[in-house]
Amino acid sequence: MSERPNRQHPEDKRQPHESAAGHVSGRAVYTDDQRLPSDMLHTWPVLSDVAHGVLETLDVAPAYDVPGVVTVLSADDIPGDNETGPLRHDEILLPKEGDELSFFGQPLAWVVADTEAAAREGADRVVFECESYRPILSIRDAIDADSFHGDPHLMETGDADRALRTAPHVLAGDVEMNGQDHLYLETQASWALPGEADSFEVYSSTQHPSETQAIVARVLGISKNRVVVTCLRMGGGFGGKESQANPYAAIAALAAYHTGQPVRVRLDRGQDMQLTGKRHGFLGRYRVGFDDDGRLLGLDLQLFSDGGWSSDLSEPVLQRAMFHSDNAYFIPDMRVVGRVTKTHKASNTAFRGFGGPQGMVVIEDIVDRVARHLGLPPDVVRERNFYQEGQRTHYGQQVVGNRLPQVWQQLRERTGYADRRADVDDFNARERYHKRGLALTPVKFGISFTNTPMNQAGALVLIYLDGSIQLNHGGTEMGQGLHTKMLAVAAKALGVSSTRFRMMPTATDKVPNTSPTAASSGSDLNGQAVRNACETLRNRLAEVAARMLSLNAPEDLVFEDNTVYAPGQPSDRVSFESVVKQAYLDQVSLSATGYYRTPNIYYNKLKGKGRPFYYYAFGAALSEVEVDGFTGCYRLRRVDIVHDVGDSLNPLIDVGQIEGGFVQGMGWLTMEELVWDERGKLLTAAPSTYKIPTIGEVPEHFNIHLLEHVPQPGVIYGSKAVGEPPFMLALSVREALRDAVVAFGEEPSYVPLAAPATPEAVLNEIERRRTPAKPTKNLVPGD
């Protein structure tokens, strides 16, 4: 049947989140909110008190003296593989005596009991001894110790060495940034229920049910078809539940395996922050060459990430940082080398942007430094270096459909940028102790999993005789509105109201072998799979409806407003329910699977070349701050954003994602500071010591405009991904802070602002501006 555009119901286009009422009323059910089975057992971990050492002895016998303790799980109790690494087999679930210990708080055993209190007391009674070694706790120390995960990765175009030798100006420096805790509202949680024939039903707060299924099966030593993993919904994920939900699901299943009872694992907030990985901290070292106009001619960049104790997803995170180390800027001669350092911390993992933000921080820092070295406005230098249509990136992909110039110009016009700049300069000339900063920054972000086989998705749609429909797809809902968008896609594809649908929890027995809900691709992939399933059903129903209407061209029928009719004959139509009932009588199947794979993308890691992204999302943000020169405290006065989401599936959802992503990015860059002591213990392991943005940090004037009339070819109903790209728009806040700090000195110059730019860091830079220091090194060509 040829595809005809179906008019989408207005109420479907701007629907609120499908679970909004459940969220605010408390009726929404999360993994640990389900009704407890009467024989549910509870768990508590026994945690290492060294970051690097050896487990010498482990005596679990004293735990059994606590009434209610049922069993204590140690490495000897694992029937399958004692390993939960998603990519490399370098992540043991539980250590044996004599094994190396690799991070502070590493679980040594898990106590299983009738109550959580009994499990906790039993864990306190377990006796263990560890030999302690000096831990590696920073990227720089890991480099010095030659401590790495995997091999170096290279992306290169042109001849960076030649460009640096011949460039009129060359600068060298480094940029370092901290990590970030996911701090999702719902901590890691899993339930496991034993079933018939050695099967297990696992409820997990996971972004990747298929991988959780695989890890549970691996640990238990059984086939995947004996494990069903269901994700009801998550109270936030942000990447922190893409791979790191797996060990907790495995522990729950292992306990259920040994006890024959349902078992619950739920971390408290302190455990979650201490045990789980963060956004990777990064160190970038660079030499950049440029001309008198600020045009970038060559860049030699080294990127180092803090992987923590195991590799987890660190190598693909680093790879995406390398992909995005150009951000929106064309650099004709560029070399990027990346390495993942191995430290004695919790294994760092996916986080919104997946390395892209770290790469972008480095290049934005470089561009600002180039501009201030030349005495040029940073926004002018940024614009001069934008990709032009058809130019190639350092990994060989052409930039096509480049909407950045349109986004940039709209933002300047909508905000009256020239007047705003003049107002800020006037304020700074008048005020001695308070300064304002203004910064305009772009985002170009590639959309697709860079591991090509992961760009696929499935769906299952079931129509019942009363016309109601069940919708299953492989994506998971973590509050981002994926289910809401999938309902809109299905409603449009079948020409019915979204109220007909029941969205089912994501489960591996409905859609197998799924990719994680990550890489901003949830709507792109699952939306196409849902549409594919719905179109299969629509084609079947069209044959039935054509007979009911005495017509002979089912491919021309229109499905709209819960009815079916022929073009030009809207008054002669049949209801959707009547067609469904007749299809059943005609013995036509009313269920269908759907499938989609992203076409024509690839990447050759050995060559560092390919077309890893299906398209790019573009955006730009203008942020204005005011800084107190006595304290370094700042106020975000106003934020303006123009963002490209194609033809939005749901503007309400998309604007919410842009707001949330921006604020989360602002938190990472300005206030969320992770601190470890010399033993490797995380000191900022609670909301009382780890500051995230609150409503007080959100600007009073927060203006978001979606680029209009720009459907994206080849994607679901012309929409674009929106989950991750807005995170990087918050770079404008850091750059605005830098702009304000510059105003405290007499001459414009580069400010090496820390990330996060906490009030303390800002104040330190203000003091340096007030006390002139030696100029930063400017390398002459050939150095």
Problem set entry | Relative contact order for the range 172-277, counting Cα pairs under 8 Å that sit 6 or more residues apart, in percent | 37 percent
Exercise. Rounded if a/c is under 1.5, else prolate if a/b beats b/c, else oblate: with a ≥ b ≥ c from the C-alpha gyration tensor eigenvalues square-rooted, which is the chain?
Worked result: oblate
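At a Förster distance of 41 Å, what's the computed FRET efficiency of Tyr464 paired with Asp647, Cβ-Cβ distance as r, to 0.05? It would help to have the intermediate numbers written out before the result.
Details: r = 31 Å, r/R0 = 0.76.
With a Förster radius of 41 Å, E is 0.85.
Treat every Asp and Glu Cβ in the chain as -1 and every Lys and Arg Cβ as +1, leave all other atoms uncharged, and give the resulting dipole magnitude about the Cα centre to the nearest 20 debye. Could you put the intermediate results ahead of the total?
Numbers: 78 positive and 102 negative charges, 381 e Å.
Value, rounded to 20: 1820 debye.
Output the antiparallel fraction of DSSP beta bridges having both residues in the range 449-513, as a percent to the nearest 5.
Values: 5 of 8 bridges.
If we restrict to bridges inside the range 449-513, about 60 percent are antiparallel.
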Problem set entry | Cross-link pairs Lys607/Lys720; Lys278/Lys342; Lys241/Lys345; Lys342/Lys681; Lys444/Lys720; Lys444/Lys609 - those with Cα-Cα distance over 21 Å | Lys607/Lys720
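Just flag the trypsin sites (Lys or Arg not before Pro) in the range 597-689 sitting in loop per DSSP whose Cβ has no more than 10 other Cβ atoms within 10 Å.
Working: sites: Arg597, Lys605, Lys607, Lys609, Arg635, Arg637, Arg638, Arg679, Lys681; in loops: Lys605, Lys607, Arg679, Lys681.
Taking the range 597-689 and a limit of 10 other Cβ atoms within 10 Å, no loop trypsin sites (Lys or Arg not before Pro) are found.
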Seminar exercise, completed: From the Cα centre of the range 113-147 to that of the range 508-559, the distance in Å is 50 Å
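For the range 21-126, what does the convex hull of the Cα positions come to per residue, in cubic angstrom? The partial results should precede the final answer.
Values: hull volume 16.4 nm³, N = 106.
Normalising the Cα hull of the range 21-126 by residue number yields 155 Å³.
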Problem set entry | Antiparallel content of DSSP bridges confined to the chain, in %, to 5 | 80 percent
For this session: Tell me the label-point distance for the pair Val24, Val54, using the 7 Å Cα-to-Cβ offset, in nm and rounded to one decimal.
Result: 6.0 nm
Problem set entry | Charge dipole magnitude, Cβ of K and R +1, D and E -1 - the range 597-685, Cα centre, debye nearest 20 | 740 debye
Seminar exercise, completed: Quick shape check on the range 352-420: root eigenvalues a ≥ b ≥ c of the Cα gyration tensor, a/c under 1.5 is rounded, otherwise prolate if a/b tops b/c, else oblate, and it reads oblate
For this session: For Lys691, enumerate residues with amide H under 5 Å from its amide H, sequence gap 5+ or separate chain, H modeled in the peptide plane.
Result: Glu673
Seminar exercise, completed: Candidate span helices, the chain: DSSP H, at least 15 Å along axis from Cα coords, Kyte-Doolittle average at least 0.5, result 246-259, 482-494, 651-670, 731-742
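Lys and Arg at +1, Asp and Glu at -1: add these up for the other residues within a Cβ distance under 10 Å of Tyr184 and post the number.
-2
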Exercise. Once the Cβ-Cβ distance between Gln569 and Glu196 is put in as r, and R0 is 35 Å, what FRET efficiency do you end up with, to the nearest 0.05?
Worked result: 0.05
Problem set entry | Local net charge near Leu93, Cβ-Cβ under 9 Å (Lys/Arg +1, Asp/Glu -1) | -3
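Suppose R0 equals 22 Å; then what is the FRET efficiency for Lys224 and Tyr595 from their Cβ-Cβ distance, rounded to the nearest 0.05?
Numbers: r = 19 Å, r/R0 = 0.87.
The value I calculate is 0.70.
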Seminar exercise, completed: So Glu431 and Asn539, fully extended at 0.36 nm per residue minus their Cα-Cα distance, gain in nm 32.0 nm
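With Cβ to Cβ distances under 9 Å as the rule, what net charge do the other residues near Ser311 carry (K, R +1; D, E -1)?
Values: positive: Arg88, Lys342; negative: Asp90, Glu91, Asp312, Glu315.
Every neighbour counted, the sum reads -2.
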Exercise. So what's the gap between the Cα centers of the range 374-410 and the range 48-88, to the nearest angstrom?
Worked result: 53 Å
Problem set entry | Approximate spin-label separation Glu116-Leu551, in nm, with each point projected 7 Å along Cα-to-Cβ | 5.8 nm
Problem set entry | Between the range 666-744 and the range 642-658, the Cα center-to-center distance that results, in Å | 17 Å
Exercise. What residues of the range 156-193 lie in the reach of a label at Arg384, counting those whose backbone N is under 15 Å from a point 7 Å from the Cα along Cα→Cβ?
Worked result: 167-171
For this session: Report ³J(HN,Hα) in whole Hz for each residue of the range 62-74, in order, from the Karplus equation J = 6.51 cos²θ - 1.76 cosθ + 1.60 where θ = phi - 60°; Gly and Pro get x.
Result: x, 5, 6, 6, 7, x, x, 6, 9, 7, 10, 8, 10
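In the range 188-269, what percentage of the DSSP-assigned beta bridges are antiparallel, given to the nearest 5? Let's see the in-between values first.
Numbers: 9 of 13 bridges.
Roughly 70 percent of the beta bridges in the range 188-269 run antiparallel, per DSSP.
Give the relative contact order (percent, whole number) for the range 34-93; include only Cα pairs under 8 Å separated by 6+ residues. Show your work: numbers first, answer last.
Numbers: 20 pairs, mean separation 8.4, N = 60.
That works out to 14 percent.
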Problem set entry | Qualifying aspartates and glutamates (Cα of each under 18 Å from Cα of Lys96; at least 8 residues distant if same chain) | Asp49, Glu56, Asp59, Asp76, Asp77, Asp81, Glu83, Glu129, Glu131
Problem set entry | Under 5 Å, built H, 5+ apart or other chain: amide partners of Ala109 | Val46
Exercise. Between Leu376 and Glu700, how many nm apart are label points set 7 Å from Cα along the C-beta direction?
Worked result: 3.7 nm
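Over the chain, calculate the relative contact order: mean separation of alpha carbon pairs under 8 Å at least 6 apart, over the residue count, as a percent. Numbers along the way, then the final one.
Working: 1932 pairs, mean separation 122.2, N = 783.
It rounds to 16 percent for the chain.
Laboratory data are not the source of any read-out in this text; all were calculated from the coordinates shown. Not measured: the values here are computed from a predicted model. Positions of Cβ are backbone-derived with ideal geometry, glycine not excepted, and every protein chain shown enters the neighbour counts.
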